[in-house]
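Inspection log for the structure reproduced underneath, given as structure tokens.
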Amino acid sequence: MHRRDLLKLGAVASGTFAMGGLTRAWWSTASAQPAGIPTVDRLTMTVAVDNVYDIFAKGGKLDTIAVERAPFARSGNTLLSEHGLAYHLESFRGSERREILLDFALTDGAIANNYRALKLDPARADALILSHGHVDHYGALTSLVDQGAIKPGLTLYAGGEDTFCQRVVITPAGQMDMGQLDRPHLESRGVKVVLAKQPTVVAGHPMTTGQIERLTDFEKPPAAGRLVSGPMDSACASTHFGTTRVAVKPGELVFDDFQGEHATVYNVKNRGLVVITSCGHAGVVNSVRQAQKVTGIEKVHAIVGGFHLAPAPDEIVAKTVAAFKGIKPDYVIPMHCTGLNTIVAVQREMPTALVMPSTGTRVIFGA
Ligand SMILES: [Fe+2]
């Protein structure tokens, strides 16, 4: 089967965010040094929830990965999709197995349904990672914890204080509430929160990138994103928000540059890096460069995730795909907020690299 056969252009949802300006760099004082990423023999990435569920998406053994699709199920195991993202990541290093949950979709119903349908048991998770503080990524986390679906005492790796601050998106129709994850509540239920601002190895297998240096001149945080300033001296006081170090009154909005967003990266034996951006507000190319820098490994096997280019102009999409071609990943797996514009461009420019997204997809790296 040819990889270009995987392209299905029919049902790709897109986000509504716009791209905007970037101001001063907060990461200039950060020292992201290679911290020794472990090598895993195999990684099985299951997309528990994504925007699209396409029963016609094609799978099969490709050159160096295997793609398994969730079959049509009339009842019981029907998968649900929504504007949200959640991964289950199972990796092997010799006889050592790790399961990690990365992001937690938007709604309890979708993730609970899909975990069950895909036979994924969140109680087996060894660690939790949250990419950033938007509700389409943390949505079901609190209920999973409250219901005891996740083992007590697990560590949740977040990228910064702002992960737990109130967020909104400005739209022509008004403010769209993007939520606020309640850190004290999670901690009261036994979750150990680690702010992984620097590259951090998680449960001995993957690494989080730490806060992402903004290197490219064409990737900007969404212009419409805002943080709601919290009380002075609180973790959500505006003075803590990276590039927006201006004192504003509690309740006022400050530009959101996603200071605490981080990506997740695995080093798969004889393959290279699998970089999972999640939502890519820091820029997918920036995220890949950060992964290369903090691991000290150049070879990128796969670029995975939401690239947040759905609202981007063609020029930005073209520059991103040109950068992809320079990075030379074996596979590009665009999902969630990537946008049809970018999927079409990847198909045109890198047809053998594209793997189409669909909820329930399992990709086996190192197969
Ligand atoms: Fe998102």
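The values are calculated or read from the model by the stated rules, or taken from the named source; none is laboratory data. The model shown is predicted, which means the values in this text are computed figures rather than measured ones. Because the Cβ atoms are built from the backbone with ideal geometry, glycine has one as well, and the counts that use them run over all protein chains shown.
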Residues located in segment 218-274, provided they are of a type in the set (Ser, Thr, Tyr) and crowded, with 24+ Cβ neighbours inside 10 Å: Ser229, Thr264, Tyr266
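Any idea which of Thr142, Thr107 is out of contact with any helix residue (DSSP H, G or I) (no Cβ under 8 Å at 6 or more places or on another chain) and either away from the ligand (no atom under 14 Å from the Cβ) or modelled with pLDDT of 95 or more (or both)?
Thr107
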State whether the residues of segment 275-284 include one that is within 16 Å of the ligand (Cβ to nearest atom), in contact with a Gly (Cβ under 6 Å, 6 or more places away or on another chain) and among the β-branched types (Val, Ile, Thr). yes
Given the condition surrounded by fewer than 22 Cβ atoms within 10 Å (Cβ to Cβ), touching a residue at least 24 places away in the same chain (Cβ under 8 Å) and part of a helix (DSSP H, G or I), answer yes or no: does some residue in segment 95-104 qualify? no
State the number of residues belonging to segment 123-139 that are surrounded by fewer than 24 Cβ atoms within 10 Å (Cβ to Cβ) and within 14 Å of the ligand (Cβ to nearest atom). 1
When segment 71-104 is checked residue by residue, the ones that are more than 16 Å from the ligand (Cβ to nearest atom), of a type in the set (D, E, K, R) and within 19 Å of Val191 (Cβ to Cβ) are Arg98, Glu99
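Each row is one residue, and each column tells you yes or no for (1) on the phi > 0 side of the Ramachandran plot; (2) among the acidic types (Asp, Glu); (3) within 16 Å of the ligand (Cβ to nearest atom).
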site	(1), (2), (3)
Val304	no, no, yes
Phe307	no, no, yes
Pro311	no, no, yes
Ala323	no, no, no
Lys328	yes, no, no
Tyr331	no, no, no
Met335	no, no, yes
Val344	no, no, no
Arg362	no, no, no
As an exercise: evaluate Ala367 against (1) of a type in the set (Gly, Ala, Ser); (2) at pLDDT below 95; (3) within 16 Å of the ligand (Cβ to nearest atom) and give the number of the one condition it does not meet. (3)
